[in-house]
Amino acid sequence: MEQGRCTAIVLAAGQGKRMHSKIQKQFLEIGGKPILYYSMECFQKSPLIQDIILVTGEDMISYCQSEIVEKYGFTKVCKVTAGGKERYDSVYAGLLCCQDTDYVYIHDGARPFVTEEMIQRGYEAVKRTNACVMGMPSKDTVKLADPSGYIKETPDRKIVWNIQTPQIFSYDLIRGAYESIRKKDMSNVTDDAMVVEQETGTKILLVEGSYQNIKITTPEDLAVAEAFLRY
Ligand SMILES: Nc1ccn([C@@H]2O[C@H](COP(=O)(O)OP(=O)(O)OP(=O)(O)O)[C@@H](O)[C@H]2O)c(=O)n1
Ligand SMILES: C[C@](O)(CO)[C@H](O)COP(=O)(O)O
């Protein structure tokens, strides 16, 4: 069976405000290498991925080119491009750079623990469904709050998942969904699945990621990440 062409869009244009560090978190080091290095390395190694588009801040493009792409030999990178103010602006910038691709893996550069097995699981799922996202069943009980901070509802934990990246879609589907939603208010959009949910009738499959596939967001996540590297 012919293999579909896959492009990874790796997002590294965020400011990392919740990390409170001088350097944007994706460039902070864990295990002696930038956080961004680890997911780039995984997509570089995966035989399923043909191209990588790295999205970063306008002022970090030349740094990424020399200190990430060239330094670590990420030969699959076909474009380092400027992102936008919000995550969804950066995703859209990445989508505009895709060429002749069948599937896109949209991945947070702040999630260093993506694995080749996850990329494989995502590929098998997206070929069947056109849309899938990595996640894990919630280990905690989840409450929905009312505007005053009281519990409004407790969803059945058996159907609650915490969502991760990569989020994987057929290119035409995600590009069309983004084109359509960009004309509207996007302020509630926090992941790519939401764009497909809101703009299309496509059912999106939940695929097991891993409990290690954390998004490095706040300072204590750095200690957890260092521990995972030694694990
Ligand atoms: N305008 C943006 C915002 C986020 N991201 C990327 O999207 C991923 C997930 O976003 P998040 O963890 O929220 O990163 P930041 O926006 O950098 O963090 P914060 O919200 O704390 O500022 C990160 O890899 C981040 O670099 C991006 O490419 N462009
Ligand atoms: C896409 C995401 O990583 C899924 O959990 C998450 O929604 C990104 O949110 P953030 O506020 O941009 O970190």
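Within segment 99-114, if we keep just the residues that are among the hydroxyl-bearing types (Ser, Thr, Tyr) and over 13 Å from the mean Cα position of the chain (by Cα), the residue that is farthest from ligand 2 (Cβ to nearest atom) turns out to be Thr101.
For Lys143, are the conditions met, namely being open to solvent by 10 Å² or more (accessible area, probe 1.4 Å), basic (Lys, Arg) and at pLDDT 95 or above?
Values: open to solvent by 10 Å² or more (accessible area, probe 1.4 Å): yes; basic (Lys, Arg): yes; at pLDDT 95 or above: yes.
In short, yes.
Screening Glu86 with (1) open to solvent by less than 60 Å² (accessible area, probe 1.4 Å); (2) within 16 Å of ligand 2 (Cβ to nearest atom); (3) acidic (Asp, Glu) gives one miss only, at (1). Note on segment 221-231: residues that are open to solvent by less than 30 Å² (accessible area, probe 1.4 Å) and farther than 23 Å from Gly16 by Cα total 0.
Tell me, yes or no, whether segment 61-69 has at least one residue that is open to solvent by 10 Å² or more (accessible area, probe 1.4 Å) and part of a loop (DSSP other than H, G, I, E, B). Looking through segment 61-69, none of the residues is open to solvent by 10 Å² or more (accessible area, probe 1.4 Å) and part of a loop (DSSP other than H, G, I, E, B). Here segment 35-83 is the region considered, the condition is being closer than 26 Å to Asp221 by Cα and among the basic types (Lys, Arg), and the residue that is farthest from ligand 2 (Cβ to nearest atom) is Lys71. Thr101 satisfies every condition listed in (1) open to solvent by 30 Å² or more (accessible area, probe 1.4 Å); (2) of a type in the set (Val, Ile, Thr); (3) away from ligand 1 (no atom under 16 Å from the Cβ) except (1).
Okay, residues lined up against (1) under 13 Å from the mean Cα position of the chain (by Cα); (2) touching a residue at least 40 places away in the same chain (Cβ under 8 Å):
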| site | (1), (2) |
| --- | --- |
| Ser46 | no, yes |
| Glu67 | no, no |
| Gly94 | yes, yes |
| Cys97 | no, yes |
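In segment 187-220, of all residues being part of a helix (DSSP H, G or I) and in contact (Cβ under 8 Å) with a residue 24 or more places away in the chain, the one that is most open to solvent (accessible area, probe 1.4 Å) corresponds to Pro219.
Of the residues that sit in segment 13-33 and are within 12 Å of ligand 2 (Cβ to nearest atom) and in contact with a strand residue (DSSP E or B) (Cβ under 7 Å, 6 or more places away or on another chain), which one is farthest from Cys78 (Cα to Cα)?
Let us first name the residues in segment 13-33 that are within 12 Å of ligand 2 (Cβ to nearest atom), namely 13-19, 25-26.
If we keep only those that are in contact with a strand residue (DSSP E or B) (Cβ under 7 Å, 6 or more places away or on another chain) as well, we get 13, 26.
Working: Ala13: 17, Gln26: 20 Å.
Selected residue: Gln26.
Residues in segment 124-162 that are without any contact (Cβ under 8 Å) to a residue 40 or more places away in the chain, part of a strand (DSSP E or B) and touching a Ser or Thr at 6+ places or on another chain (Cβ under 6 Å): Asn162 alone. Residues in segment 148-173 that are open to solvent by 80 Å² or more (accessible area, probe 1.4 Å) and farther than 30 Å from Gln120 by Cα: Ser148, Tyr150, Ile151, Lys152, Glu153.
From the list Lys33, Lys22, Lys17, the lone residue that is surrounded by fewer than 18 Cβ atoms within 10 Å (Cβ to Cβ) and either more than 14 Å from ligand 1 (Cβ to nearest atom) or aromatic (Phe, Trp, Tyr) (or both) is Lys33. The condition (being in a loop (DSSP other than H, G, I, E, B), modelled with pLDDT of 95 or more, open to solvent by less than 10 Å² (accessible area, probe 1.4 Å) and of a type outside the set (D, E, K, R)) is satisfied by just one residue among Ile53, Ile9, Ile49: Ile49.
The values are calculated or read from the model by the stated rules, or taken from the named source; none is laboratory data. These numbers come from a predicted model, not from an experiment. Note: ideal-geometry Cβ built from the backbone for every residue, glycine included; neighbour counts use all protein chains shown. The area values use the complete protein model at the heavy-atom level, side chains included, leaving out ligands, DNA and RNA. Shrake-Rupley method; radii C 1.70, N 1.55, O 1.52, S 1.80 Å.
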